[in-house]
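S.K.: Let me give you the structure first, and then I'll get to my questions.
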Amino acid sequence: MNQQPEIDWLERFQRNNPPSFRGGYNPDRATDWIFEVEKIFQAMGCPLIQKVTLAAFMLSGEAGIWWQGALQRMIAAGTQVNWENFKRLFLEKYFPRDVRHKKQVEFLELKQGEDSVADYVTKFEDLVRFCPMYDGVGNEEDKCVKFVSGLRPEIKQVFNYQGITHYHELVNKCRVYDEDNRARVTHYKSGGPMRNNKFGSSSKGKPYTKFAGNSSSKVNNQGFVQQRSQVPTASQTSRGGSVGSVSHNNCYNCGKPGHRAYECPLPREITCFKCQEKGHRARDCPKNKTTEVGGSASKPRATGRVFALSGAEASQSKDLIQGMCFINGTPLIVLYDSGATHSFISHACVSKLKFPVSSLSFELIVETLTSSSVSTSDVCLKCPLIIEDGSFPN
């Protein structure tokens, strides 16, 4: 009868390049060593009776000395020398209870914060092994609840009500959702489809480019103001925020060419929007009481300026600056003018974006590029502007 040759378990074990352990205070290294050794045992089908001998062979330095003493104490106390008792004594020595408690608290308080979902998953799975109540068999639902509770609020509100109880399914869905959101934010921050070569490379790092005068139909489709149908928005910024750039350099303060209003050497004059007289504001106007004409009160008038009411007019000037801003959270293509008095938006764009339209208490007479003027009394209120990183609330 042929006998099977005896297996050299040490040789087979060493073929898998097991890590050694020299001791010292390094709790994470200790738990990693146990994990790697058990992984090799499982792969090679190591019997229980061989595990302690093989693991002890990889202990050196201070750790090897510790095991010799621990082994003598186990024999003297009549404690069985097996793998479970080896692990218990090893972790008591190199992964003490206070460290385990800190890991458990760290896991219970773990939040995603500014991390991606993928990074949050890495931290979560590294710490959950110290909390058997979440990582044990039959605790997958509790594990999912704990995972969702640590997500950022905007992600949590999407998955919290879905009641997903399979951990890996939950992780994959959260990761895909987070990656899509980050890609969308990066897309809009970089200027989206506007950032292409036809607007030139000088726009790098800025949300606007010099307008190249391309097809007016394309400009119109992006929401530029259409003539005879303009609505001023209530938002005004320090940059002007106009949808058109002035085609000449006349100062709005003194009326002389060669400089802008913010460069004017003369004192800035205040003009009343109601009576058009200088020296006071509309709220202080002595003519606040309107006169009755034909049984109804007539609206006062105010003036404004805009120099590009359509894509065709925009394409005639090489000085216009095109860019993108967010109005009420919606990205729109605009023309910038630092000297414009108001911001204007087309009725078509207002209708498409469903912005609420209110009526002004006066008629606004708008001076156009052709020296003609149009009037409007419609306004979009509560439409905050975001240009680059600057926010201009209503």
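The values are calculated or read from the model by the stated rules, or taken from the named source; none is laboratory data. Bear in mind the structure is a predicted one, so any value in this text is a computation, not a measurement. Please note: Cβ atoms are built from the backbone with ideal geometry, for glycine as well, and neighbour counts cover all protein chains shown.
S.K.: Could we say that Gly69 is more than 45 Å from the chain's Cα centre (by Cα) and either farther than 23 Å from Glu125 by Cα or without any contact (Cβ under 8 Å) to a residue 40 or more places away in the chain (or both) here? Outline the logic, then answer.
M.R.: Working: more than 45 Å from the chain's Cα centre (by Cα): yes; either farther than 23 Å from Glu125 by Cα or without any contact (Cβ under 8 Å) to a residue 40 or more places away in the chain (or both): yes.
Yes: the conditions hold for Gly69.
S.K.: Another question, if that's okay. Any residue that is touching a Leu at 6+ places or on another chain (Cβ under 7 Å), over 23 Å from Asp32 (Cβ atoms) and outside the structural domain of Trp66 (by TED's automatic domain parsing) - is there at least one of those in the stretch 107-122?
M.R.: Checked against the condition, which is being touching a Leu at 6+ places or on another chain (Cβ under 7 Å), over 23 Å from Asp32 (Cβ atoms) and outside the structural domain of Trp66 (by TED's automatic domain parsing), the stretch 107-122 yields at least one hit.
S.K.: Same structure, new question: So Gly113 ticks every box in (1) assigned to a loop (DSSP other than H, G, I, E, B); (2) surrounded by 12 or more Cβ atoms within 10 Å (Cβ to Cβ) but one. Which box is left unticked?
M.R.: The single condition Gly113 does not satisfy is (2).
S.K.: With the condition kept exactly as written, say whether any residue in the stretch 163-185 is under 30 Å from Arg22 (Cα atoms) and of a type outside the set (Gly, Ala, Ser). So that I can check it myself, show each step before the final result.
M.R.: Initially, the stretch 163-185 is screened for residues under 30 Å from Arg22 (Cα atoms), giving none.
The answer is no; no qualifying residue exists.
S.K.: What are the residues in the stretch 11-35 that are loosely packed, with under 15 Cβ neighbours inside 10 Å and either under 25 Å from Leu127 (Cβ atoms) or in contact with a Cys (Cβ under 6 Å, 6 or more places away or on another chain) (or both), if any? Working first, answer last.
M.R.: As a first pass, look at the stretch 11-35 and keep what is loosely packed, with under 15 Cβ neighbours inside 10 Å: 11, 14-17, 19-20, 22, 24-26, 28, 32, 35.
Within the stretch 11-35, Pro19, Gly24, Tyr25, Asn26, Asp28, Asp32, Phe35 meet the criteria.
S.K.: Collect the residues in the stretch 329-367 that are in contact with a Lys or Arg (Cβ under 8 Å, 6 or more places away or on another chain), modelled with pLDDT under 70 and surrounded by 17 or more Cβ atoms within 10 Å (Cβ to Cβ), keeping them in residue-number order.
M.R.: Tyr336, Gly339, Ala340, Thr341
S.K.: Restricting to the stretch 116-140, name every residue that is more than 26 Å from Asn181 (Cβ to Cβ) and surrounded by fewer than 15 Cβ atoms within 10 Å (Cβ to Cβ).
M.R.: Those that are more than 26 Å from Asn181 (Cβ to Cβ) and surrounded by fewer than 15 Cβ atoms within 10 Å (Cβ to Cβ): Arg129, Pro132, Met133, Gly136, Val137, Gly138.
S.K.: Right, here's the next one. Out of all the residues in the stretch 308-320, is one or more assigned to a strand (DSSP E or B), on the phi < 0 side of the Ramachandran plot, of a type in the set (Lys, Arg) and at pLDDT below 70? Spell out how you get there, then give the answer.
M.R.: So in the stretch 308-320, the residues assigned to a strand (DSSP E or B) come out as none.
No.
S.K.: While we're on this one: If you go through the stretch 67-86 one residue at a time, do you hit one that is within 30 Å of Ile155 (Cβ to Cβ) and surrounded by fewer than 16 Cβ atoms within 10 Å (Cβ to Cβ)? Don't jump to the end; show me each part of the working.
M.R.: The initial filter retains those residues of the stretch 67-86 that are within 30 Å of Ile155 (Cβ to Cβ), namely none.
No: the stretch 67-86 contains no residue that is within 30 Å of Ile155 (Cβ to Cβ) and surrounded by fewer than 16 Cβ atoms within 10 Å (Cβ to Cβ).
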